[in-house]
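Just below is one structure, and these are the notes that go with it.
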Amino acid sequence: MTESDRLGTASGGAGTRSRGGRPRASSRRTLEDAASELFLEQGYARTTIDQIAQRAGVGRNTFFNYFAAKSDLLWLDADETISALPEILGAAPHDLAPSSALEHVIVALAARHPHRAVPIALSQREPMATHEEFLAAGLARFLLVARELADFLRRRVDDDVDANSVRAAANAAAAAAATGAGAWALAGVERGDLTVAVAAAVAPVCRGFAPVLDRPGR
């Protein structure tokens, strides 16, 4: 989600009408915009799903067609980027050593994220009072990414590499990526490139695990 566009991008099928009379294609976008307005006006905690739906001109059920929880609105573009991870893992070059492959896929994931898509939950964290909720909602996402990275590594390392070492490497790399991305998001309008920030955070971790993960001679 960009700071200029507030939250998210439009999605959904075009041509049909929602119960509130809006084109169905606009329902997700209007929910995102309505949530953004309300979070800025009265804070995240005081905003209810019913209020978001009412402001968007749709029914409560429409909200749940797009979002499982109110906190999902804080992770809109980030969730879209995370959803690309399986594709990036599948496209990773096979000739890379495991530690290099781990670094490669995380940096490639960061490169997939739109440069201006900064979560409004961070860029407007003070008026919205969303920082803590954003972090809490991020736990499940962190665990998902770490698990997928661990599965990816397990397929690439020798059979005698300890499973706990694989999980530790995946968790540490995911945490480093989150640290780099968080620092980038909080840097304000003068922030640099997300890919550079994530690469700088992840590289020392992946290279530190190289002696454990990489096969002899790689």
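Scanning region 151-175 for residues that are within 15 Å of V202 (Cα to Cα) and either surrounded by fewer than 21 Cβ atoms within 10 Å (Cβ to Cβ) or among the charged types (D, E, K, R) (or both) turns up A168, N171, A172, A175. Test of understanding: among V58, V105, which residue is in the same structural domain as S27 (by TED's automatic domain parsing), touching a residue at least 40 places away in the same chain (Cβ under 8 Å), buried (at least 18 other Cβ atoms within 10 Å of the Cβ) and of a type in the set (A, V, I, L, M)? Within the list V58, V105, the selection yields V58.
Against the numbered list (1) under 30 Å from L149 (Cβ atoms); (2) part of a helix (DSSP H, G or I), Q51 comes up short only at (1). Meeting the requirement of 3 or more residues that are in contact with a helix residue (DSSP H, G or I) (Cβ under 9 Å, 6 or more places away or on another chain) and more than 29 Å from R116 (Cα to Cα), the helices (runs of 4 or more DSSP H) wholly within region 159-218 are 163-185, 210-213.
Scanning region 81-127 for residues that are of a type in the set (D, E, K, R) and more than 14 Å from the chain's Cα centre (by Cα), which turns out farthest from A35 (Cα to Cα)?
Once the filter is applied, the top-ranked residue is D95.
The sole residue among R55, R60, R24 that is at pLDDT below 90 and more than 30 Å from A101 (Cβ to Cβ) is R24. Exactly one residue out of E132, E103 is in a helix (DSSP H, G or I) and modelled with pLDDT of 95 or more, and it is E103.
Residue pairs whose Cβ atoms lie under 6 Å apart, separated by 6 or more positions or on different chains, with the first residue in region 152-168 and of a type in the set (S, T, N, Q) and at pLDDT 95 or above and the second surrounded by 14 or more Cβ atoms within 10 Å (Cβ to Cβ) and in a helix (DSSP H, G or I), are S165/V212.
The values are calculated or read from the model by the stated rules, or taken from the named source; none is laboratory data. Everything quoted here is computed from the prediction, not taken from an experiment. Note that each Cβ is placed from the backbone with ideal geometry, even for glycine, and that neighbours are counted across all protein chains shown.
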